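Written below as structure tokens is the structure these notes are about.
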Amino acid sequence: RLLGTVRLAFTAAPWHGAPSRVAFVTSGLGANRRPHGTTPSRGGRGLAAAAMETPSMIGGAAAADSAAACAEEEEEPLAPRHTLYDMPVSNNGARVRMILYYKAVPASEVTIAPPMALGGLKTEEYKAVNPQAKMPALATSTQEGGLCCGESDTIARYVGGLYDGREGPGRFAPTPGTLEALRADRITRLHDVYLAAIQGCLYKASPRGQGFAMFGTRDAALDAFVAQLANLESLLDDDDSIGSYMLGEQPTHADVAVFPTLVFAEFMLPKFQGRSFDLSGLPKLQRWWDYMVSGADPVATRVRDEIRAELAKWESPSRDRWGSILGAGVVDDAPATIFDKILSGDIPADVVYEDDDCLAFKDINPVAPVHVLLIPKKRMGLTQLRFAQDDHVAVLGHLMTKVGVVAKEAGLDAYRLVVNDGAEVGQSVFHLHLHIIGGRPLAWPPG
């Protein structure tokens with residue numbers, strides 16, 4: 001092994017004064033870019049020095065001695081060597097990195113390599129390690145069976161169990177069936193299912209294919225994310241004298257799971273209009289957070305700095321991650337309209353339908369016996385239909401499913417649905433609204 005993450009791969013063959021092939025393998029990857037590759041010899045001078053010598057320098061007895069030394073070294077047990085595919089910006093990968101840092105696991109045992117070492121997340125080579133094409137992923141050594149894993153919690157538990165006996169802070173291998181294990185598990189489970197699963201609402205440009213899409217709007221997803229912090233608070237011990245970490249004097253899986261995700265929240269929540277990262281109403285969580293970011297825990301400081309340094313790059317003009325996100329770079333700063341006054345109750349309206357997301361009321365200047373306006377309660381930048389984006393899919397779909405409900409309530413068997421988009425075609429109120437018109441014959445084309 002040479003210089004930490006550089007390994008030496010050797011193929012045995014008749015010497016004739018030199019090895020037949022010597023190749024350097026960086027971050028555990030050979031020329032064929034196998035995810036976990038062939039584990040190299042762990043010898044000291046013998047193989048490494050032989051690789052550095054030219055054929056003319058190896059001859060006769062010297063060659064025989066070198067060959068014998070290599071043979072002896074290759075018979076020694078080989079230490080496990082694993083590759084963690086991850087990047088500093090990954091909060092889920094950071095829970096694994098924190099365990100490695102707490103236990104001072106050297107790169108000679110676990111190498112951290114970026115997915116680009118296998119060509120990137122979408123390549124077949126990376127998918128052989130993690131079929132989900134996400135970070136992190138672990139490729140174990142050939143001595144460990146060459147197994148691959150792509151789930152951060154599973155990787156963290158494996159790494160925690162492997163190195164928990166090492167010197168350094170942390171209890172990462174609690175005995176199953178104990179309260180110690182249960183207390184940590186219920187926090188990590190809350191994190192994985194209810195925080196990490198929807199964290200995309202903090203930075204993903206589109207909800208398509210994202211877990212937070214289930215909430216309909218990004219705003220609702222952000223509300224749910226913040227609400228889960230209160231649920232997390234309820235799982236922490238009431239006694240603030242038990243220690244600096246979530247469950248005592250030592251970091252556990254609970255700390256390493258939650259902390260990197262809250263580093264995300266600390267950086268990202270304030271980017272959304274009217275939001276902040278505020279734990280003041282959650283005293284137990286606030287006490288824990290204050291300790292973790294105080295500098296008293298060097299691993300927490302390191303990971304926070306790693307993540308924030310990469311997130312800062314997302315703000316560069318060339319990337320502008322939040323520039324196109326509704327509620328962050330895209331805000332609704334258009335003037336209020338008469339519809340806002342109707343929604344607030346300042347102006348009366350003849351309401352025919354209402355739910356949490358929309359309101360339907362009779363037009364004060366009807367063009368037919370039935371003329372109802374259907375509007376979203378939150379405009380969210382939809383002054384006109386042309387400004388619709390992926391974040392509006394749920395609200396637009398909701399409006400369309402309620403058109404038939406309103407028409408049926410009005411006794412209409414046939415009706416016309418109209419959306420005017422722009423003053424030139426008759427739009428007078430710049431808050432998206434659908435006209436449901438019926439009760440008389442309507443000519444086509446409209447005038």
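The values are calculated or read from the model by the stated rules, or taken from the named source; none is laboratory data. Keep in mind that what you see is a predicted model, and the values were worked out from it rather than measured. Because the Cβ atoms are built from the backbone with ideal geometry, glycine has one as well, and the counts that use them run over all protein chains shown. The accessibility values were calculated without ligands, DNA or RNA, using every heavy atom of the protein model including side chains. Shrake-Rupley method; radii C 1.70, N 1.55, O 1.52, S 1.80 Å.
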*Please go through segment 264-305 and pick out each residue that is aliphatic (A, V, I, L, M), assigned to a loop (DSSP other than H, G, I, E, B) and open to solvent by less than 50 Å² (accessible area, probe 1.4 Å).*
279, 282, 293
*Answer yes or no as to whether residue 222 is more than 19 Å from residue 134 (Cα to Cα) and either open to solvent by less than 10 Å² (accessible area, probe 1.4 Å) or charged (D, E, K, R) (or both).*
yes
*Kindly list, by first and then second residue, each pair from a residue in segment 217-238 that is free of Cβ contacts under 8 Å to residues at least 40 places away in the same chain and under 16 Å from residue 325 (Cβ atoms) to a residue that is open to solvent by 50 Å² or more (accessible area, probe 1.4 Å) and not in a helix (DSSP H, G or I), limited to pairs with Cβ atoms under 9 Å and residues at least 6 apart or on different chains.*
221/210
*Tell me which residues, restricted to segment 89-127, are in contact (Cβ under 8 Å) with a residue 12 or more places away in the chain, over 25 Å from residue 193 (Cβ atoms), part of a loop (DSSP other than H, G, I, E, B) and of a type outside the set (Lys, Arg).*
104, 105, 106, 107, 108, 109, 114, 119
*For segment 416-435, does any single residue satisfy the condition of being open to solvent by 80 Å² or more (accessible area, probe 1.4 Å) and part of a helix (DSSP H, G or I)?*
yes
*Looking only at segment 187-195, decide whether some residue is closer than 30 Å to residue 388 by Cβ, surrounded by 15 or more Cβ atoms within 10 Å (Cβ to Cβ) and in contact with a helix residue (DSSP H, G or I) (Cβ under 8 Å, 6 or more places away or on another chain).*
yes
*Only one of these conditions is not met by residue 373: (1) modelled with pLDDT under 95; (2) touching an Asp or Glu at 6+ places or on another chain (Cβ under 9 Å). Which number is it?*
(1)
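So that you can scan it fast, the table gives a plain yes or no per residue for (1) of a type in the set (A, V, I, L, M, F, W, C); (2) touching a Lys or Arg at 6+ places or on another chain (Cβ under 9 Å); (3) open to solvent by 20 Å² or more (accessible area, probe 1.4 Å):
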| site | (1), (2), (3) |
| --- | --- |
| 167 | no, yes, yes |
| 172 | yes, yes, no |
| 183 | no, no, yes |
| 205 | yes, yes, yes |
*Whichever residue in segment 315-350 is in a loop (DSSP other than H, G, I, E, B) and in contact with a strand residue (DSSP E or B) (Cβ under 7 Å, 6 or more places away or on another chain) and, among such residues, is modelled with the lowest pLDDT*: 324
_Any hit, segment 85-103, residues being out of contact with any strand residue (DSSP E or B) (no Cβ under 8 Å at 6 or more places or on another chain) and at pLDDT below 95_ = no
*Within segment 375-408, which residues are open to solvent by less than 10 Å² (accessible area, probe 1.4 Å) and more than 26 Å from residue 273 (Cα to Cα)?*
403, 406, 407
_Check on residue 360, open to solvent by less than 60 Å² (accessible area, probe 1.4 Å) and over 27 Å from residue 208 (Cα atoms)_ = yes
_I'm trying to understand the selection: among the residues of segment 91-103, which are surrounded by fewer than 22 Cβ atoms within 10 Å (Cβ to Cβ) and within 11 Å of residue 137 (Cβ to Cβ)?_
none
*asked:* Can you tell me which residue is nearest to the chain's Cα centre (by Cα) among those in segment 236-263 that are open to solvent by 30 Å² or more (accessible area, probe 1.4 Å) and among the hydroxyl-bearing types (Ser, Thr, Tyr)?
replied: 244
*Would you check which residues across segment 185-237 are outside any helix (DSSP H, G or I) and out of contact with any Cys (no Cβ under 9 Å at 6 or more places or on another chain) and list them?*
203, 204, 205, 206, 208, 209, 216, 217, 235, 236, 237
_Please determine whether any residue of segment 140-154 is part of a helix (DSSP H, G or I), in contact (Cβ under 8 Å) with a residue 12 or more places away in the chain and open to solvent by less than 50 Å² (accessible area, probe 1.4 Å)._
yes
*asked:* Condition first: charged (D, E, K, R) and closer than 16 Å to residue 376 by Cβ. Can you find one or more residues in segment 439-446 that meet it?
replied: no
*Output yes when any residue across segment 206-219 is closer than 30 Å to residue 248 by Cα and of a type in the set (Val, Ile, Thr), and no when none is.*
no
